[in-house]
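Some notes on the structure that comes next.
All of the numbers you see were taken from the coordinates with simple rules; none came from a lab. What you see is a predicted model, and the numbers here were worked out from it, not measured in a lab. A quick note on method: Cβ atoms are made from the backbone with ideal geometry, for glycine too, and the neighbour counts reach across all protein chains shown.
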Amino acid sequence: MLMMLAFLAAQTQQLSCKLFQAVWKKQGSKRALWERMRSLFKEFAFESMQMLCEAILYGIKIQPPIILYDTS
């Protein structure tokens, strides 16, 4: 039942969301798009699907980690 609900949500988004369509066009195929989304899910926590799509479409600016040294 949950798989059918997820499929319905994905199909609705593919047909009606201009941002999703732009991301899909940029990636070239659904397979490439889902692989990109999967890889970003492993590295980052997104608050919304919109943030994820914007990250794919516009890119992500990654800051280097801040390393604190004990100088005492």
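Show that you can apply the helix-only estimate: for the chain, add -39,500 (n - 2.57) for every DSSP H stretch of four or more residues, divide by all residues, and state [θ] at 222 nm to the nearest 500.
Dividing the helical sum by the residues of the chain leaves -21000 deg cm²/dmol.
Defining a contact as two alpha carbons under 8 Å apart and six or more residues distant in sequence, what relative contact order in percent does the chain show?
Across the chain, relative contact order equals 28 percent.
Can you give the Rg/Rh ratio of the chain, where Rg is from the C-alpha atoms and Rh is the Kirkwood radius? Mind showing how you got there, number by number?
Details: Rg = 16.4 Å, Rh = 14.2 Å.
Rg/Rh: 1.16.
Could you give each residue of region 15-22 its phi-based ³J(HN,Hα) in whole Hz, using Karplus coefficients 6.51, -1.76, 1.60 with θ = phi - 60°, and x for Gly or Pro?
7, 10, 9, 5, 5, 4, 5, 5
Placing +1 on the Cβ of each Lys and Arg and -1 on the Cβ of each Asp and Glu in the chain, which of Q21, A6, Q50 has its Cα farthest towards the positive end of the resulting dipole?
The residue sitting farthest along the positive end of the dipole is Q21.
What does a probe at L19 reach in region 50-72, counting residues whose amide N is under 12 Å from the point 7 Å along Cα→Cβ?
50-58
If you rank E54, E47 by fewest surrounding Cβ atoms within 10 Å, what's the result?
Listed from fewest to most nearby Cβ atoms, that is E47, E54.
What are the lysines whose alpha-carbon lies under 22 Å from the alpha-carbon of K18, with same-chain residues fewer than 8 places away excluded?
Answer for K18, where 22 Å is the Cα cut-off: K26, K30, listed by chain and number.
Using a Förster radius of 25 Å, what is the FRET efficiency between M49 and S29 based on their Cβ-Cβ separation? Nearest 0.05, please. The partial results should precede the final answer.
Values: r = 19 Å, r/R0 = 0.76.
Here the calculated transfer efficiency is 0.85.
Read phi for every residue in region 42-56 and hand back ³J(HN,Hα) as whole Hz from Karplus 6.51 cos²θ - 1.76 cosθ + 1.60, θ = phi - 60°, with x for Gly and Pro.
Per-residue couplings from phi come out as 6, 9, 10, 9, 9, 7, 7, 5, 4, 4, 5, 5, 5, 5, 6 Hz.
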